[in-house]
Structure formats: structure tokens, C-alpha cells
Amino acid sequence: MSRGAFILLEGCDRTGKSTQAQMLVDRLTQLGHRAILWKFPDRTTGIGHMINGYLAKHQDLNDQAIHLLFSANRWEAVEQLANHLRSGTHLVVDRYAYSGVAFSAAKGLDLEWCKQPDVGLLKPDLTFFLDMPIQASMQRGGFGEERYEKEELQTRVRDLFLKLREPDWKVVDATETIDQIHEKLTKAAQETIQTVASRELQYGLWAS
Ligand code: DGP
């Protein structure tokens, strides 16, 4: 049986990741695939509740502790993610370990230290980086409500994403129209679905 593809959308806040991720799931489903959306942080778990309290500024935690909670929130999902992929379901994932490192390193933590807790996680088969100038994303609705939605921090986060960028990432201009972006994502996702169908699952994120 063909395995599912792990398709990741990364980017700074308000770059349209969640909209595009949902559209991609809907499109793949219409095309006859089994596809589900998976969002990190997953705020529904016990760890996710702590993360949500932190992001909504109800609870303070030191930078190291919250970093490890975000990572634990990915690790607690790893078997479920792998089972979906093995059963042939495609995963469209909204944020992952790259966000984990970019946001924590932007606050001043050491980049290599930040990567360590996520070493060995499942590797995405396809990563889109939705990129746009921070000034433009700040003008989008809702910016400024949560903890990290500040211009200076987002600028550092963007630089760090570009530093973490892998050679096979697809950098997408997030200022294009929703439909233009959607078409690009769909095309690349379909290609990846074909290519990885008979491949083993890839563990070993950031493992040497
Ligand atoms: P979202 O639900 O996608 O809007 O993400 C909430 C906020 O949390 C957003 O500002 C990005 C940040 N974030 C997402 N994942 C991580 C992570 O793993 N570590 C840290 N420090 N921040 C993250």
C-alpha cells in the first residue's frame, strides 16, 4: 500500500499558513486522497493547554521550559502522525520544529541547543515556507493579540527560518493571491505524493 506524504507549511505569523493548509486538505480530498490537517502547537492536549496559557499571556514560563513543552507537544503526536502516514493518509501540517527553533532562538536561546529536543522526529517530505515582509503581515487582521506578535521578534524569526532553510524547501511568496498560492501548493503536493508513495517513513530530523 502507498504511504501518505508529510507536507509542512512553515512561516512567520499571519502569512496565511492556516488558510492554505485547510485549502490544501480540502483540495486533496476532492481529488480522491485521504488527507488531514494537523496543527502545531496542538492546544487540545495537556501539554497544549499549558502552551495555550503561555501564548495567551495567562501564564509565564521561562524560555527553556516553554521551548521543551513545544517540542514535547510534537513528540506526543509522533506515533499518531506515523500511523496516519503508514495507512496512506496525507498529513498537511501547520508549523513544526522549524517554528520551534526559530521562535525560541529569536528570543535569544542558542540555535543548536534549540534543535536538540526535536532531533529524530519524523522528517517532512515537502516543506513550504510562506514568506512575506513583516510589515505586510503586521497589517493583516488580528496581529498583536498573542505573545510573539511583535515586529522586532517576527523579523528575527524570519531571519532564523531562512537560516534553518533546507535545500529542498519551497519558498512561496505569501503576498500573491490566495488562489495563486493554492495552485502552487497543490501542484507540488501532488508531485510529492507520487514520489514518496513507495518510500519508507523518514525519521531522523536534524540527525547527522
Ligand atoms: P499559531 O497557533 O500557529 O498561531 O502559533 C502560535 C504562536 O506560537 C505563534 O506566534 C508561533 C509560536 N510557535 C509555534 N510553534 C512554536 C514552537 O515550537 N516554539 C515556540 N517558541 N513558539 C512557537
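A few points about this structure:
- Checking each residue in the range 170-190 for being of a type in the set (Asp, Glu) and surrounded by 12 or more Cβ atoms within 10 Å (Cβ to Cβ) picks out GLU176, GLU183.
- Number of the condition not met by SER18 [criteria: (1) more than 10 Å from the ligand (Cβ to nearest atom); (2) of a type in the set (Gly, Ala, Ser); (3) surrounded by fewer than 21 Cβ atoms within 10 Å (Cβ to Cβ)]: (1)
- The criterion of being more than 13 Å from the ligand (Cβ to nearest atom) and within 14 Å of LYS17 (Cα to Cα) holds for THR175.
- One residue from LEU160, LEU109 being surrounded by fewer than 19 Cβ atoms within 10 Å (Cβ to Cβ) and over 24 Å from LEU24 (Cβ atoms): LEU109
- Positions within the range 77-110 being within 13 Å of the ligand (Cβ to nearest atom) and more than 14 Å from the chain's Cα centre (by Cα), in sequence order: SER104, ALA105, ALA106, LYS107, GLY108, LEU109
- Restricting LYS17, LYS57, LYS39 to residues that are modelled with pLDDT under 95 and among the charged types (D, E, K, R) narrows the list to LYS57.
- Test: residue in the range 109-121 that is under 18 Å from ALA5 (Cβ atoms) and touching a Lys or Arg at 6+ places or on another chain (Cβ under 9 Å): yes
- ARG3 at positive phi, more than 8 Å from the ligand (Cβ to nearest atom) and not in a helix (DSSP H, G or I): no
- Qualifying residues in the range 21-46 (those that are within 16 Å of the ligand (Cβ to nearest atom) and part of a strand (DSSP E or B)) - the one surrounded by the most Cβ atoms within 10 Å (Cβ to Cβ): TRP38
- Selection status of TYR54, surrounded by 21 or more Cβ atoms within 10 Å (Cβ to Cβ) and within 10 Å of the ligand (Cβ to nearest atom): no
- Exactly one residue out of GLU149, GLU76 is surrounded by 14 or more Cβ atoms within 10 Å (Cβ to Cβ) and under 24 Å from ILE181 (Cα atoms): that is GLU149.
The values are calculated or read from the model by the stated rules, or taken from the named source; none is laboratory data. Keep in mind the model is a prediction, meaning the values are calculated, not measured. FYI the Cβ positions are ideal-geometry reconstructions off the backbone, even for glycines, and counts take in every protein chain you see.
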